[in-house]
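Some notes on the structure that comes next.
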Amino acid sequence: MAINYQDRIPNNVDLGSNRTLQRALEHWQPEFLNWWTELGPKDFQVADVYLRTATSVDAKGWATYGYVRMPEYRWGIFLANQDPERKIGFGDHYGKEVWQQIPGEYRSTLRRLIVTQGDTEPASVEQQRMLGHTAPSLYDLRNLFQVNVEEGRHLWAMVYLLHAYFGRDGREEAEELLERHSGDADKPRILGTFNEPIRDWLSFFMFTYFTDRDGKFQLKSLAESSFDPLARTCSFMLTEEAHHMFVGDTGISRVIKRTLEVMKELNTDDPVAIRKAGAVDLPTVQRYLNFWFSSSLDLFGSESSSNAASYFANGLKGRPDETRYEDHVATEQIYTLDVPDGMSTKTEEIPMRNAMNDVTRGSYVKDCDMGVTRWNRLIEKAGHSFRLALPSTRFRRSIGVWANVPTDPAGNPISQEEFNAKIAGWLPSEADQAYILSLMHGVYEQGKMAAWIAPPDRGINNNPVDYEYVRLQ
Ligand code: BYC
């Protein structure tokens, strides 16, 4: 169905035919806008931002670009088109019709999954709210705001499901999505990473590379769901998510590119000299990477999880790209896990269904590694021996079998004393953070770029890099 932009809430779900639902969502809309004003991007609400807006949900040409003031962005409800032939792709109900309504026995579990997904969206906007003040260019400022408005839309996507399919409980959950806040001592966001502050753009790029990529894999898992409206909304969200990861990937590449230029100019790889010249030395990039990658690994949940087993058995949440697997029922398979064993490790065998979180985490790690390989190619081409690396999935974990087990970044178990003594060198130290913060100054002059980052290879929507991506008032 085409997107209807005439309604107060743009949608392609024929919202107008369900007056009760429409009214309930129209009641939530001003609460969302209040939240956006209070906890969305600080200042810049009257700036004209060159944003894309969805016009159709097909893979090609879904976006239109133009100047929009963020509070006037047309947040709405967009589901990928329904496939009337779609069948359940995994678990105990494999091969049966997908559900257009939620079977009563799965109601609370599905609600929990949708709330957890929904909670991350406004959380990330809250985390990033101060970054507009220190954007390295108008191009970057626009990308930040694009990511922010789309995370706002992803919240709409989950709120629609809560309102449309979960009655009063769902409406209450939708209210609470605006009441929990990132980093709030009393009402924090549900998942750990979404309570971490993002004060600088290096962290923002790491977040959009590593944490938005968790979003990609979780959305892919939910896009397999037997609950068809959830699958369809996640399919469309994935098309928006791709740009967020692009911002992270190219952002980190540009930081590294600039560092390599400075290393060449000065003919040194000495971090002190590189910092004096106003660039980010590569060991610091590695420490930020260690922080955000390890934090994002926790977002997949425990390696062995009875929750994950029942999500899979009941057809609520599958594996990303489920069709690539041969066995979609997975009752007979065994998964081998590495677990800590004092100062050593041992293996444990668990039923495959219980290992679904770790299967998804494994695909995620491979995907993360592709960027690292590309960044290392830049470093290698510039003639340097330094290499960035993903730390082990055992390193600095807070969730799962490796939670609070001291290991080095390679994953070797070490004593708590050694860990305590060395961890400051493996993560951004206070001095690193102070240095990175000292580089952060807003650059708002058209075509200008902060000195710590290289310009992008190309602009947005075939516009030049020096386009006026944000018209400040
Ligand atoms: N922090 O059996 P377990 C995105 C909880 S990102 C705190 O180990 P399960 C985005 C867990 O909730 C994608 N708590 O794991 C990115 C459970 O609590 P309850 C977000 C955690 O249940 C950037 C308990 O520990 N989407 O879209 O199999 C910008 C035991 O759970 C954490 C989703 O996450 C943690 N890291 O799986 C914007 C999809 N990890 O229920 C957006 C929906 C686990 O016993 N969520 N816990 O109280 C899920 O599928 C699952 O909840 C999880 C955990 C994968 C998160």
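Under 8 Å for C-alpha pairs, at least 6 residues apart: give me the relative contact order for the chain, rounded to a whole percent. Display every interim value, and only then the final one.
Working: 779 pairs, mean separation 90.1, N = 473.
Reported as a whole number, the value is 19 percent.
For Asn404 and Asp83, what does the FRET efficiency come to when R0 = 60 Å and r is the distance between their Cβ atoms, rounded to the nearest 0.05?
Details: r = 44 Å, r/R0 = 0.74.
So, using R0 = 60 Å, E works out to roughly 0.85.
With a point put 7 Å past each Cα toward its Cβ, work out how far Gln333 is from His384 in nm, to one decimal.
A separation of 4.0 nm, rounded to one decimal place.
So between Asp92 and Asn462, what do we pick up on full extension, going 0.36 nm a residue minus the alpha carbon distance?
Numbers: separation 370, 0.36 × 370 = 133.20 nm, distance 4.76 nm.
Full extension of this stretch gives 128.4 nm more.
Would you mind checking which residues have amide H under 5 Å from Tyr335's amide H? H placed 1.01 Å from N; only 5 or more apart, or other chain.
Here the answer is Ile350, Met352, since their amide H atoms fall under 5 Å of that of Tyr335.
Evaluate 2.2 N^0.38 Å with N set to the residue count of the stretch 1-134, then give the Cα radius of gyration divided by it. Kindly include the intermediate steps, with their values, before the conclusion.
On the way: Rg = 18.0 Å, N = 134, 2.2 N^0.38 = 14.1 Å.
Normalised Cα radius of gyration, the stretch 1-134: 1.27.
Just need the Rg to Rh number for the stretch 89-167, please, alpha carbons only, Kirkwood Rh. Before the final figure, lay out each step's value.
On the way: Rg = 17.6 Å, Rh = 15.0 Å.
Rg/Rh for the stretch 89-167 comes to 1.17.
Sort Leu79, Leu21 so the one with the fewest other Cβ atoms within 10 Å of its own Cβ comes first. If you can, show how the numbers build up before the last one.
Values: Leu79 23, Leu21 16.
Arranged by neighbour count, lowest to highest, Leu79, Leu21 become Leu21, Leu79.
Show which lysines lie in cross-link reach of Lys366 when reach means a straight Cα distance below 17 angstrom and same-chain residues fewer than eight apart are skipped.
Lys216, Lys220
Rank these for me by crowding, His244, His181, His133, going from fewest to most other beta carbons within 10 Å.
Details: His244 25, His181 19, His133 14.
In increasing order of surrounding Cβ atoms, one gets His133, His181, His244.
How long is the gain from Asp58 to Ala273 if the chain were fully straight, where each residue apart is worth 0.36 nm and the alpha carbon distance is subtracted? Can you show the working numbers first?
Working: separation 215, 0.36 × 215 = 77.40 nm, distance 4.99 nm.
Value of the extension gain: 72.4 nm.
Just to check, using Stokes-Einstein with a Kirkwood Rh over alpha carbon pairs, what's the diffusion coefficient of the stretch 352-403 at 10 °C and 1.306 mPa s in µm²/s? Please list the in-between numbers first.
On the way: Rh = 12.9 Å.
Answer, rounded: 123 µm²/s.
Taking the Cα centre of the chain as origin, sum charge times position over the Cβ atoms of Lys and Arg (+1) and Asp and Glu (-1), and report the length of that vector in debye to the nearest 20.
Computed about the Cα centre, the dipole is about 760 debye.
Pull up the cross-link candidates among the aspartates and glutamates for Lys87, meaning alpha carbon to alpha carbon under 14 Å and not fewer than 8 places away within one chain.
Hits, sequence-local ones excluded: Glu97, Glu224, Asp228, Glu322.
Starting from the Cα coordinates of the stretch 221-317, work out the convex hull volume and express it per residue in Å³. Don't skip to the end; give the middle numbers.
Numbers: hull volume 10.1 nm³, N = 97.
Measuring per residue, one finds 104 Å³ for the Cα hull of the stretch 221-317.
What nm value, rounded to one decimal, do you get for the distance between Glu105 and Gln45 when each label is placed 7 Å out toward the C-beta?
4.8
Neighbour counts of other C-beta atoms within 10 Å: give me Leu161, Leu219, Leu266, Leu337 arranged from fewest to most.
Leu266, Leu337, Leu219, Leu161
Semi-axes of the stretch 132-175's equivalent ellipsoid from the Cα gyration tensor, sqrt of 5 times each eigenvalue, largest first, rounded to whole Å? Mind dumping the intermediate values first?
Numbers: eigenvalues 217, 16, 3 Å².
Over the Cα atoms of the stretch 132-175, the ellipsoid semi-axes are 33, 9, 4 Å.
Give me the Kirkwood hydrodynamic radius of the stretch 91-226, using the inverse of the mean 1/r over all pairs of distinct Cα atoms, in Å to one decimal.
16.2
Can you give the net charge of the other residues whose Cβ lies under 11 Å from the Cβ of Thr268, counting K and R as +1 and D and E as -1?
Details: positive: Lys264, Lys276; negative: Glu265, Asp269, Asp270, Asp281.
Around Thr268, the charge tally is -2.
Assuming 0.890 mPa s and 25 °C, estimate D for the stretch 314-368 with Stokes-Einstein, Rh taken as the Kirkwood radius over Cα pairs, in µm²/s.
Values: Rh = 12.7 Å.
It comes out at roughly 194 µm²/s.
Given the alpha-carbon gyration tensor of the stretch 290-420, what are the semi-axes of its equivalent ellipsoid in whole angstrom, ordered largest first, with each equal to the square root of 5 times an eigenvalue? Before the final figure, lay out the partial values.
Values: eigenvalues 164, 90, 27 Å².
Whole-Å semi-axes of the equivalent ellipsoid: 29, 21, 12.
Excluding Tyr435 itself, calculate the net charge of residues whose Cβ lies under 12 Å from the Cβ of Tyr435, where each Lys or Arg counts +1 and each Asp or Glu counts -1. Provide the component values of the computation, followed by the final result.
On the way: positive: Arg275, Lys276, Arg287; negative: Asp200, Asp281, Glu430, Asp432.
Summing Lys and Arg as +1 and Asp and Glu as -1 gives -1.
Which value, in nm² and rounded to one decimal, describes the direction-averaged projected area of the C-alpha convex hull of the chain?
Numbers: hull surface 91.7 nm².
That works out to 22.9 nm², a quarter of the Cα hull's surface.
With each label point set 7 Å from Cα along the Cα-Cβ vector, what nm distance links Arg377 and Gln446?
A separation of 3.5 nm, rounded to one decimal place.
What is the gain in length, in nm to one decimal, between Glu348 and Glu322 on full extension, counting 0.36 nm per residue of separation less the C-alpha to C-alpha distance?
On the way: separation 26, 0.36 × 26 = 9.36 nm, distance 2.45 nm.
This chain segment gains 6.9 nm when fully extended.
Pop the C-beta distance of Lys187 and Arg471 into the FRET formula with R0 = 45 Å and round what comes out to the nearest 0.05. Spell out each step's value before the answer.
Working: r = 36 Å, r/R0 = 0.80.
Between Lys187 and Arg471 the formula returns 0.80.
Quick one: compute a quarter of the convex hull surface over the Cα atoms of the stretch 386-473 and quote it in nm². Mind dumping the intermediate values first?
Numbers: hull surface 38.6 nm².
So the Cα hull casts an average projection of 9.7 nm².
Bear in mind that the values in this text are calculations on the coordinates, not laboratory data. The structure presented is a predicted model; accordingly, all values stated were derived computationally and were not measured. Here Cβ is always computed from backbone atoms with ideal geometry, including for glycine, and neighbour counts include all displayed protein chains.
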